[in-house]
Every structure is written in structure tokens, then in C-alpha cells.
1. I'd like the residue in the range 244-268 that is surrounded by fewer than 24 Cβ atoms within 10 Å (Cβ to Cβ) and either in contact with a helix residue (DSSP H, G or I) (Cβ under 6 Å, 6 or more places away or on another chain) or free of Cβ contacts under 8 Å to residues at least 40 places away in the same chain (or both) and, out of all such residues, is farthest from residue 223 (Cα to Cα).
2. Given the criterion touching a helix residue (DSSP H, G or I) at 6+ places or on another chain (Cβ under 9 Å) and surrounded by fewer than 23 Cβ atoms within 10 Å (Cβ to Cβ), identify the matching residue among 90, 67, 77.
3. Can you give me the ranges of the helices (runs of 4 or more DSSP H) entirely in the range 60-170 with at least 1 residues that are under 18 Å from the mean Cα position of the chain (by Cα) and closer than 28 Å to residue 207 by Cα?
4. Name the residues in the range 34-51 that are without any contact (Cβ under 8 Å) to a residue 60 or more places away in the chain and more than 26 Å from residue 166 (Cα to Cα), would you?
5. Say whether the condition of being over 24 Å from residue 56 (Cβ atoms), modelled with pLDDT under 85 and out of contact with any strand residue (DSSP E or B) (no Cβ under 7 Å at 6 or more places or on another chain) is met by at least one residue in the range 202-214.
6. Exactly one condition in (1) within 16 Å of residue 202 (Cβ to Cβ); (2) free of Cβ contacts under 8 Å to residues at least 12 places away in the same chain is not met by residue 21; state its number.
7. Does the range 32-55 hold any residues that are in a helix (DSSP H, G or I) and modelled with pLDDT of 90 or more, and which are they?
8. Limited to the range 141-178, what total is found for residues that are crowded, with 17+ Cβ neighbours inside 10 Å and either without any contact (Cβ under 8 Å) to a residue 24 or more places away in the chain or touching a strand residue (DSSP E or B) at 6+ places or on another chain (Cβ under 6 Å) (or both)?
């Protein structure tokens with residue numbers, strides 16, 4: 001999540017523009033999550049209350065599954081014409097395009113900020129800089145290369161499970177890594193999304209992924225989720241020790257790292 005841009009969404013604290021219905025509110029939150037995490041033009045142009053913007057966080061993994069479904073369809077359409085490696089490269093490219101590459105941008109910025117060492121002020125300045133430095137370029141190259149190679153190596157019987165599961169797992173990680181951590185900026189939609197960061201959002205996001213795991217239950221998927229959860233804990237601890245909280249770039253970088261690790265694990 002790289003500083004989610006609400007675009008034309010106008011936030012209004014306490015606004016009830018979309019009515020009190022629970023179904024309507026959930027539909028709005030899912031729509032907002034889809035708009036924040038993809039380039040699809042689904043963000044509403046009417047006023048949106050801050051509670052709905054913050055509530056969109058709980059549906060991030062659901063958007064991940066939707067992205068996985070789109071990629072699975074693409075893979076099915078291409079399998080008769082292209083080799084596995086080439087299809088894998090195109091799927092990773094499609095994922096970057098569908099998400100506006102914002103999480104990759106967050107990864108690059110985070111890597112460049114990491115190059116600043118323990119200088120917290122300098123690291124935060126780099127995170128605000130849209131330019132990509134040498135650390136960022138190296139991080140992008142290796143993450144994209146690992147994703148393509150790992151997806152190409154996933155056994156055919158587990159390929160579509162990986163395609164659907166990995167984007168959702170990465171977006172669950174984005175919710176988990178930001179859970180109850182301080183947001184290091186006072187402006188932007190990210191500050192509104194993480195406002196309060198209630199436990200019910202983490203619970204629903206985790207339940208969404210857990211339900212999918214239960215449907216495709218295996219020892220391997222359980223081990224991979226446990227490993228991903230451990231990686232999230234370590235990333236959280238690192239962010240707290242390094243900068244004392246998170247930004248949109250750091251959250252997006254965590255998603256990319258978990259996405260890569262899970263893909264690699266599923267290829268073994």
C-alpha cells in the first residue's frame with residue numbers, strides 16, 4: 001500500500017452519504033479497497049465517510065483473491081499458446097499493471113531508505129522521494145526475477161492455487177504489518193485507512209485468508225501461512241526498531257516481500 005490515493009473520493013468525517021444498511025456499507029468498503037489497491041476506476045465520486053475508508057482495510061485480502069482470479073483466467077487463456085515461463089512473466093507483469101505498481105514503488109523506496117542506515121530523518125525523507133536509487137533498483141530486479149522464476153517452478157497441480165493464494169496472502173500481510181502500529185505521516189488517505197486500526201479489521205482480513213486455506217487444506221499451505229505470519233512479525237519488529245512505525249511505502253514493501261516469499265515457498 002503505497003500512500004493510497006483516494007483520487008476523486010471526497011472524505012467527510014461522520015458522513016452518512018451511503019445510508020445505514022450494513023450490506024451497502026460493506027459493498028462500499030470493498031469498492032474502496034478495490035480502488036485503493038488497483039487501477040480499476042471504481043472509486044466513488046460522492047462524499048465518503050472516514051469510517052468507510054478505514055473499513056476498507058479489512059477487505060484487502062478479498063481484493064487479493066479477485067486479482068488472483070483475474071490472473072488465473074489469463075493463465076488459462078494463454079496456456080495453449082505460451083510456455084510456462086513466458087506465461088509466468090506475463091502474469092507478474094499483469095499483476096504490476098493491475099495494481100499500478102504502487103507496491104513495487106513502495107519496495108524500491110523502502111530499499112533506498114534502508115540504504116540510509118540508522119539516520120531516521122534521512123530515511124523518512126527518502127521515503128517521500130519518488131525517485132529510485134541503486135538499492136531500490138536492485139530490490140525491484142531481484143523481487144521480479146524471483147517471482148517469475150518461482151511461479152514458473154510451481155508444480156502444475158499447484159499453479160492455480162499459488163496464483164490465487166499469493167496475492168491474497170500479500171494483502172493480508174499488509175493489514176497485519178500495519179496492525180496497531182503508528183502511522184508516520186499525518187496526511188494522505190493512508191492516515192485515514194489506518195485510523196484506529198481496530199482488531200475487527202485484522203480479524204476479518206485473517207478470516208478471509210483462513211477460509212481459503214480451509215478450502216484447500218494441506219500441510220503445505222498451513223506451513224506456508226505460518227511462515228508468512230512469522231515473517232510479518234519480524235518485519236513489524238524491524239519497522240518499529242528502525243523508524244518507530246509504518247508508512248504506505250513500508251506497508252507496500254512488506255506485501256511485496258511476503259508475496260515473493262510465499263511464491264518461493266510454494267515452488268519448493
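The values are calculated or read from the model by the stated rules, or taken from the named source; none is laboratory data. Computed from a predicted structure; not experimentally measured. Note that we place each Cβ from the backbone using ideal geometry, even for glycine, and neighbour counts take in every protein chain shown.
1. Residue satisfying both the conditions and the ranking: 260.
2. Answer to the check: 90.
3. 60-78, 84-98, 102-114, 134-153
4. 44, 45, 46, 47, 48, 49, 51
5. yes
6. (1)
7. 32, 33, 34, 35, 36, 37
8. 1
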